[in-house]
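Since the structure comes first, as structure tokens, the remarks are kept for the end.
The values are calculated or read from the model by the stated rules, or taken from the named source; none is laboratory data. Since the model is a prediction, treat every value here as computed from it, not as a measurement. A quick note on method: Cβ atoms are made from the backbone with ideal geometry, for glycine too, and the neighbour counts reach across all protein chains shown. The area values use the complete protein model at the heavy-atom level, side chains included, leaving out ligands, DNA and RNA. Shrake-Rupley method; radii C 1.70, N 1.55, O 1.52, S 1.80 Å.
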Amino acid sequence: MMNMQELDKPRCHCAVFGVFGDAAAAQLTYYGLLAQQHRGQEGSGIVTSEFDKATGRYRFHSHKDFGLVDDVYQDRNLLTDVLKGSLAIGHNRYSTAGSADNEANIQPLTVHYKSGNIAIAHNGNLTNFRQLRRTLEEDGTIFQTTSDTEIILHLIARSKKSVQIDQIREALAQVEGAFSLVLLTDDTLIAARDHHGFRPLALGRKGNTFFVASETVAFDIIDAEYVRDVAPGEMVIIDKKVHETGTITSLRIDDRQATPHHCIFEYIYFSRPDSQIFGHSVDKVRRKLGKNLAQSNPVVAKDPSDKVIVINVPDSSNTATMGYVQQANKLGRNARLEIGLIRSHYIGRTFIQPRQEVRTNKVKTKFNPVKGVLKDKVVVIVDDSIVRGTTSQQLVQLVRQAGPKEVHFRVSSPPIMYPCYYGMDFPTPNELIANRCGGEIRKIAEELGVNSLGYLTVEEMLASAPQEKGENYCTACFSGRYPSAIDTNQKKDENEA
Ligand code: SF4
């Protein structure tokens, strides 16, 4: 069985969400997670904190399970009668570090220790977790999960500092790699981001209620406004002072200088186009990627009487395709946008391998070509990325069956050559078509069976992303330039898990 959610696309670690100061915190978290379902479909969890007047103590409530958000909280009474309290954090999971079928790995992870309750939800991947885990285990720590996130809880619990915020700071100063986190203590919501700022993390507000989310679409659904991003290396503390002073507390995790390396893949594919990521509109950047692709990789029909039509691969390349067509026409190429592939929205999450005699390809269950649109045309397929190449190959076959004159393929990112250590799940390098073909575009084009193939270069991709505020990006999966130390053994473990 294979996951049909997105065929042959990299998968991100997760989505996080947090609420401070609303009696309906769990319901708001449910909506925040629903809007961020694209960031993780394996499991979901919510933890709330409730002040129990009878005992004068705080109580944590938690619900987690495998499945989509709507399935996990199918019993809506959970949100009102079980997950009580005015503070909450939530998480949608897609795992890379930690086995996917281990229920204990579903976040938020929760512990009770000397300073009270604490829960954590994490987006990203810690690059020094193997080494930290070994040290902690040698010291007698017993782990409940195989997730890298649990390390942070142990480091907090072992801290000798007396103030909980100092314990958290000390723990975060020891971890490296990518982390966009929400933490919940009895009475405080905390958001923190690694000093490279690999993954996004945004702050929102509606009246006296404060929110944290991976993507701003989570604020739109609950009518909250996007305030700003949590800065790389920043820890934001939202507690009752916010209602007294109207301001949140901002601290540096440690004195390491922030060196932003935002994940460029968030703009290319991962985030929703209606989100603001790293302070900019994803839609706008994705259009620009498409425009620059048209500029550097035009398709000109050999016979001027042939019509060039440009089609998107729904839904992930919709925006880049619009940009491509807009720019192609600006350059006088006379390209026409067409809907040449129809996506079925009713396909389940899994694909059952057909028996040999049922000759169908996986892509066929998800897409169907519009024959009348494609027949006898010069067709340009625009996609946002190619990972293994198997899906692109099958898409090309599908389009060819509709009888076009030529099929050209254009990709609004560079060839993916290397693995990601910062929370995006790619297959092993030799499974990546570009790596297998040694980065030779001609060879990849032959494997895909297209008349021509064009990608953006790393420089063209970077020229499409905002630079005006001194932004800096991670491009490691394209360029091999990792902005921080990596542990290559970590990938081996993940692939064997
Ligand atoms: S390696 Fe690629 S996917 Fe991973 S953070 Fe860098 S740009 Fe993003």
What is the log10 of I(q)/I(0) for the stretch 167-250, computed with the Debye formula using one identical point scatterer on each Cα and no solvent, at q = 0.10, 0.21, 0.24 Å⁻¹? -0.23, -1.00, -1.22
Under a point-charge model restricted to the Cβ atoms of Lys and Arg (+1) and Asp and Glu (-1), what is the dipole moment magnitude of the stretch 22-81 relative to its Cα centre, in debye to the nearest 20? 240 debye
FRET E, pair Lys307, Thr141, Förster distance 45 Å, beta-carbon r, rounded to 0.05: 0.10
Any idea how far apart Thr488 and Asp223 come out in nm if each label point goes 7 Å out from Cα toward Cβ? 5.5 nm
Note: Asn77 to Asp52 extended length (0.36 nm per residue) minus current alpha-carbon separation gives 7.1 nm
Backbone N within the stretch 283-308 under 13 Å of label point (7 Å from Gln326 Cα along the Cβ vector): 283-294
Under the Kirkwood approximation applied to all pairs of distinct alpha-carbon atoms, what is the hydrodynamic radius of the stretch 286-345 in Å? 11.7 Å
Take the alpha carbon gyration tensor of the stretch 393-497, find the square roots of its eigenvalues, order them as a ≥ b ≥ c, and report rounded if a/c is under 1.5; if not, report prolate when a/b exceeds b/c, else oblate. oblate
Using packing as a proxy for protection, rank 206-217, 51-62, 179-190 so that the peptide with the highest average count of other Cβ atoms within 10 Å comes first. 179-190, 206-217, 51-62
Of Leu189, Val212, Ser250, which is farthest on the positive side of the dipole of the chain, counting Cα position, with +1 on Lys and Arg Cβ, -1 on Asp and Glu Cβ, and the Cα centre as origin? Val212
The stretch 50-155 shape via C-alpha gyration tensor axes, a/c threshold 1.5: oblate
Taking 0.36 nm per residue of separation between Gln401 and Tyr113 and subtracting their Cα-Cα distance, the length gained on full extension comes to 97.4 nm
Förster-model FRET efficiency, 45 Å R0, Arg252 and Ser296, C-beta, rounded to 0.05: 0.65
Taking the Cα atoms of the chain, what is the range of coordinates along each of the three principal axes, in descending order and whole Å? 80, 51, 43
Given Cβ point charges of +1 (Lys, Arg) and -1 (Asp, Glu) and nothing else, what value in debye, to the nearest 20, does the dipole of the stretch 235-316 about its Cα centre take? 200 debye
Label-point separation, Ser479 to Gln131 (7 Å along Cα→Cβ), nm: 2.4 nm
Along each of the three principal axes of the Cα atoms of the stretch 226-340, give the extent in whole Å, ordering the values from largest to smallest. 70, 29, 21
If packing is taken as the average number of other Cβ atoms within 10 Å across a peptide's residues, how do 446-452, 409-415 rank, most packed first? 409-415, 446-452
Give me the number: length gained by fully extending Ala463 to Gln37, i.e. 0.36 nm times residue separation minus the C-alpha to C-alpha distance, one decimal in nm. 150.4 nm
Could you give the accessible area per residue of the chain, probe 1.4 Å, as a whole number in Å²? 41 Å²
Show me the ranking of peptides 136-145, 23-32, 307-316 by mean Cβ neighbours inside 10 Å, starting with the highest. 23-32, 307-316, 136-145
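What number, in percent, do you get for the relative contact order of the chain if the mean sequence gap of Cα pairs under 8 Å and at least 6 apart is divided by its residue count?
14 percent
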19 Å reach of a label modelled at Lys284, 7 Å along Cα-to-Cβ, counting backbone N of the stretch 296-339: 319-324, 326-327
Does the stretch 118-162 classify as rounded, prolate or oblate by the C-alpha gyration tensor (a ≥ b ≥ c root eigenvalues; a/c under 1.5 gives rounded; else a/b over b/c gives prolate, otherwise oblate)? oblate
What does the charge dipole of the chain about its Cα centre add up to, to the nearest 20 debye, if the Cβ of each Lys and Arg holds +1 and the Cβ of each Asp and Glu holds -1? 1340 debye
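Considering only protein heavy atoms and a 1.4 Å probe, what is the carbon-and-sulfur percentage of the accessible area of the stretch 285-436?
The value for the stretch 285-436 is 49 percent carbon and sulfur by accessible area.
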